[in-house]
Amino acid sequence: MLTFRLTMSQPIRRAAVAGTWYSGRPDVLAHDVDQHLAQVHRIAEGEIVGLIVPHAGLMYSGPVAAHAYKSVAGRAYDVVVLIGPSHYAGFEGVAMQRSGSFETPLGRVPISEADADAVASACPAVHDRPAAHAREHSLEMQLPFLQRVLPDTPIVPLVMGHQTPETVRQLADALVGALTPRRALLVASSDLSHFQDSDRAARLDGVVVHAVDRFDPEALARALAKFPDHACGGGPLVTAMLAARGLGAADARVMKYADSGDVSGDKASVVGYLAAVLGTLTAEASEEAMSS
């Protein structure tokens, strides 16, 4: 087993939204995440190589994200590869922080430098650009869940800039090549449609939900090309699906769909959230999956 030691010289990506998007107190944060996980009563079984999860504030999207994370709790992975969209910085390709750690109130999550190097070497679109991660929440919102369900598992953090088909293809191919000998979990971070009324959001989001449930990344890519607003992280979604297929996944299962109005009560302007698992799956989908 690889041992990860952090030294004072290694970069630490400090939490950007602790105390606002989720609690800055470790005891409260651990309790909040555990409560969301406790509300999930059925999980997907089989080999799981990928998750699709949202990235809004914990009180809003956490109940949905938990439906994906519960299925991998306690499993053994060599590395978790996080793929999310950039909300604050515009750039070509994919920004990686190649060494050090990401910090939350629950502690520091080490970066697997060997896996990061392998991915960067395999993909010309990947660049070591820690500054692109400084304010970005799309990966940070996944860390508290990972720290509770897969403690001590290192990460490779990837933030996608302009979500072009070429970048998606290059990154998906590189992930397959770099991770094939590893037991890796891909995590695609994306919210769905933004600030529509709940009925229109459900129609827009249904396009993504159905493409994911059919495990059809090509159909999802075509839909996003016509209307990118189906998802803020459409590129990461397609990338993870293509890479998961290359790593042996044969199935996808939607575990939960909901929108922010289920928490806020405001159904006039919502953000859609999806949780799904990718792999070779054997169990039936959660009976809660599409209840919202």
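Remarks
- Fully extended contour minus Cα-Cα distance, from His87 to Ala30, at 0.36 nm per residue: 17.9 nm
- Computed label-point distance, nm, for sites His162 and Arg135 using a 7 Å Cα→Cβ extension: 2.0
- Ranking Phe102, Ala76, Val176 by Cα position along the charge dipole of the chain, where only Lys, Arg, Asp and Glu carry charges on their C-beta atoms, puts Phe102 farthest toward the positive end.
- Averaged over its residues, region 177-292 has an accessible area of 40 Å² per residue, based on protein heavy atoms and a 1.4 Å probe.
- Put a plus charge on the Cβ of each Lys and Arg, a minus charge on the Cβ of each Asp and Glu, and nothing anywhere else: the dipole of region 50-139 about its Cα centre is then about 300 debye.
- Percent of beta bridges antiparallel (DSSP, region 67-218, rounded to nearest 5): 30
- By DSSP, the beta bridges lying fully in the chain are antiparallel in about 50 percent of cases.
- Fraction of accessible area attributable to carbon and sulfur, region 95-177 (%, probe 1.4 Å): 48
- Heavy-atom accessible area order for His127, His137, largest first, 1.4 Å probe: His127, His137
- When you filter the GluC sites (Glu not before Pro) in region 122-216 for DSSP loop state and at most 15 other Cβ atoms inside 10 Å of their Cβ, nothing is left.
- The structure shown yields semi-axes √(5λ) of the Cα gyration tensor in Å, and of the options (1) 40, 26, 18; (2) 38, 22, 14; (3) 25, 22, 19 that calculated value carries the label (3).
- The phi torsions of region 98-103, fed into the Karplus equation with coefficients 6.51, -1.76 and 1.60 and a -60° offset, translate into couplings of 8, 8, x, 7, 10, 10 Hz, rounded to whole numbers, with Gly and Pro shown as x.
- Order of exposure, largest accessible area first, which applies to His162, His55 with probe 1.4 Å: His162, His55
The values are calculated or read from the model by the stated rules, or taken from the named source; none is laboratory data. These numbers come from a predicted model, not from an experiment. With ideal geometry, Cβ positions are generated from the backbone for all residues, glycine too; neighbour counts draw on all protein chains shown. Remember, those area values only see protein heavy atoms, side chains included, never the ligands or the DNA or RNA. Shrake-Rupley method; radii C 1.70, N 1.55, O 1.52, S 1.80 Å.
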